[in-house]
Amino acid sequence: MKTYKIAAIPADGIGPEVIAAGLQALETLARRDGGFTVDVTHFDWGSDYYKKHGEMMPANGTDQLKPFDAIFFGAVGAPDVPDHITLWGLRLPICQGFDQYANVRPTKILPGIKSPLENVGPGDLDWVIVRENSEGEYSGHGGRAHRGLPEEVGTEVAIFTRVGVTRIMRYAFKLAQSRPRKLLTVVTKSNAQRHGMVMWDEIAAEVSREFPDVKWDKMLVDAMTVRMTLKPKSLDTIVATNLHADILSDLAGALAGSLGVAPTANIDPERRYPSMFEPIHGSAFDITGKGIANPVATFWTAAQMLEHLGEPQAARRLMDAVEQVSGKGIMTPDIGGTANTQEVTDAVCEAIRASNI
Ligand code: IPM
Ligand code: MG
């Protein structure tokens with residue numbers, strides 16, 4: 001029997017509510033499967049910890065996380081702590097410190113959820129966006145001079161390295177190859193940005209030779225928004241820079257009917273460090289404590305975690321249960337339902353127990 005050591009960091013807002021739901025589903029899956037168990041350690045880091053200790057996590061936080069097989073993360077953000085502190089104090093040091101360079105964002109229309117696009121339903125939109133997660137526009141490179149004066153300048157330099165682009169491209173081609181359609185779209189803005197973006201195109205062409213069975217094409221990011229909206233079926237796997245994929249993944253979530261169900265995985269493909277799994281939605285203070293947070297994004301990212309840990313069967317079983325439950329209309333108010341977090345969670349756990357896939 002395998003035991004996976006999971007570090008749970010529920011953190012802020014609805015984070016603790018959705019992580020509790022996710023852990024309940026994971027435990028139900030482990031019991032149903034019988035081949036593995038999860039050994040969960042909770043970390044109370046986040047904005048409340050910051051108010052007590054002046055830091056979002058202890059200075060040796062990443063050392064404490066290193067021995068785990070995966071990190072299950074809730075949300076960060078508090079109304080009374082500046083965003084750059086919550087973000088740069090907890091989530092980003094984990095992503096960057098553990099070189100989780102592949103950010104993987106699957107999007108599809110779940111049964112029972114309506115896309116804002118006419119005549120587009122489940123099956124018509126099934127994408128995975130691979131976001132470069134370690135450099136590019138999020139390198140933090142730049143500065144300000146002559147603050148407050150008329151001649152003030154600010155620079156925000158995007159950094160692209162051959163190593164960084166090659167490894168994300170290889171990850172994306174491999175992922176595309178593993179999906180039935182074997183189709184990859186490489187997004188850049190290499191008409192206007194003629195240095196780093198042209199290098200992306202060149203490296204894409206180089207890496208593509210290692211994957212002769214993957215069909216691939218290139219899109220400029222502006223035209224990509226149109227293709228996503230008007231021809232969603234023409235896309236499958238998508239790779240883009242840190243900022244482009246940030247923007248496109250919000251659009252993807254909206255086109256699939258709700259950002260509230262969107263998951264993300266921050267992956268170290270070389271498995272030197274634990275990877276981190278989280279819902280995209282954030283801390284949602286307006287509904288914190290009301291028991292109506294949507295747990296679906298957390299279930300979906302738990303499925304990504306199981307996949308990464310080497311439990312694809314359990315991952316499929318979890319997503320199948322989620323789709324059965326959403327298909328029956330058992331959902332939280334944010335996506336038009338009347339159920340609360342616990343009712344959705346209980347229904348998903350029941351479907352897991354009854355599952356025979
Ligand atoms: C996301 C979010 C973050 C990002 C914010 C909170 C900094 O929008 O995960 O997509 O841009 O990376
Ligand atoms: Mg975003």
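The values are calculated or read from the model by the stated rules, or taken from the named source; none is laboratory data. Since the structure is predicted, the reported quantities are computational estimates derived from the model, not experimental observations. Cβ sites come from the backbone with ideal geometry, for glycine too, and all protein chains shown count toward neighbours. Just so you know, the surface numbers come from the protein's heavy atoms only, side chains and all, with ligands and any DNA or RNA stripped out. Shrake-Rupley method; radii C 1.70, N 1.55, O 1.52, S 1.80 Å.
What the table below lists for this structure:
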read-out: Candidates Ala252, Ala303, Ala293 - the one that is small (Gly, Ala, Ser) and within 16 Å of ligand 1 (Cβ to nearest atom); value: Ala252
read-out: Some residue of segment 266-288 being at pLDDT 95 or above, farther than 17 Å from Val18 by Cα and in a helix (DSSP H, G or I); value: no
read-out: Within segment 178-256, strands (runs of 3 or more DSSP E) holding 3 or more residues that are open to solvent by 50 Å² or more (accessible area, probe 1.4 Å); value: 215-220
read-out: One residue from Gly89, Gly97 being closer than 28 Å to Arg272 by Cα, surrounded by fewer than 19 Cβ atoms within 10 Å (Cβ to Cβ) and under 22 Å from the mean Cα position of the chain (by Cα); value: Gly97
read-out: Segment 57-90: number of residues that are modelled with pLDDT of 95 or more, outside any loop (DSSP other than H, G, I, E, B) and charged (D, E, K, R); value: 1
read-out: Any hit, segment 146-158, residues being under 27 Å from the mean Cα position of the chain (by Cα) and more than 16 Å from ligand 1 (Cβ to nearest atom); value: yes
